[in-house]
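Written below as structure tokens is the structure these notes are about.
A short reminder: the numbers here are calculations on the coordinates, not readings from a lab. Being a predicted model, the structure only gives us computed values, none of them experimental. Here Cβ is always computed from backbone atoms with ideal geometry, including for glycine, and neighbour counts include all displayed protein chains.
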Amino acid sequence: MKTNYRPFGLILLLLIFLGCSKTITTAPDVTFTTLTGEKIALNSLRGKPVIVTFWATDCPSCIKEIPDLIDLYTRYHASGLEMIAVAMYYDPPNHVVDMTKAKQLPYNVALDLNSAHAQAFGGVMFTPSTFLIAPDGSVVKKEIGLFNLAKMKTNIESLLKG
């Protein structure tokens, strides 16, 4: 008799995943250091919507969503949207710098050399992981994997209208 363990494996994987990624409802009090050396305290961005996205240069989905992130930044930055792309701890800094230049990323890019930012955001393990933070500092959306551009635009527009 053949036994199918696939459903059990999927359930186990889901339970592990849920246990490893904590839900956060308020943005953590962290300070990012950008590739240019600028320090950005997340709490200094209160009053504005903020996207914090965790990514890696070897992540195909991360690369695929870069044009959408650029579109969001270009479309909404003048209205107040801030964006910080956080490279995962395992991503070699020179790869991050090279990709930032090659893709001409207009938004802030930071390194997470010791995984402190990923931990502060609930234990981010998968890329891309994107957080939309409301002007009051609450996390209103968390997407693991590619986000839906139309829904993200709607969410941002709602936050900008206040």
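Rg/Rh, computed from the Cα trace of the range 22-161 with Rh as the Kirkwood radius, has the value 0.92.
When only the Cβ of Lys, Arg, Asp and Glu is charged (+1, +1, -1, -1), the dipole of the chain relative to its Cα centre reaches about 440 debye.
Between the Cα long axis of helix 6-20 and the first principal axis of the chain there is an angle of about 40°, rounded to the nearest 10. I need the Debye-formula profile for the range 108-162: one equal scatterer per C-alpha, no solvent, reported as log10 I(q)/I(0) at q = 0.19, 0.22, 0.27 1/Å, two decimals. Computed log10 I(q)/I(0) values: -0.78, -0.97, -1.18. Scalar couplings 3J(HN,Hα) for the range 55-67, obtained by applying the Karplus form with A = 6.51, B = -1.76, C = 1.60 to θ = phi - 60°, are 8, 8, 5, 9, 9, x, 5, 5, 5, 5, 8, 4, x Hz; x denotes Gly and Pro.
Under 19 Å of direct C-alpha separation, and excluding same-chain neighbours fewer than eight residues apart, LYS151 reaches these aspartates and glutamates: GLU65, ASP68, ASP71, GLU82, GLU143. Distance between the 7 Å Cα→Cβ label points at TYR89 and LEU113: 1.3 nm. A simple spin-label model places the labels of LYS103 and LEU149 1.4 nm from each other, with each point 7 Å out along Cα-to-Cβ.
Go through 45-55, 133-143 and give me the packing order, highest mean Cβ count within 10 Å leading. Spell out each step's value before the answer.
Values: 45-55: 20.7, 133-143: 16.7.
Ranked from most to least packed, the peptides come out as 45-55, 133-143.
Take the Cα of ASN43, step 7 Å along the line toward its Cβ, and report every residue of the range 132-148 whose backbone nitrogen sits under 20 Å from that point. In the range 132-148, the label zone of ASN43 (backbone N under 20 Å from the point 7 Å along Cα→Cβ) covers 132-140. Computed over the chain, the per-residue total of -39500 (n - 2.57) for DSSP H runs of n ≥ 4 gives a 222 nm mean residue ellipticity of -11500 deg cm²/dmol, rounded to 500.
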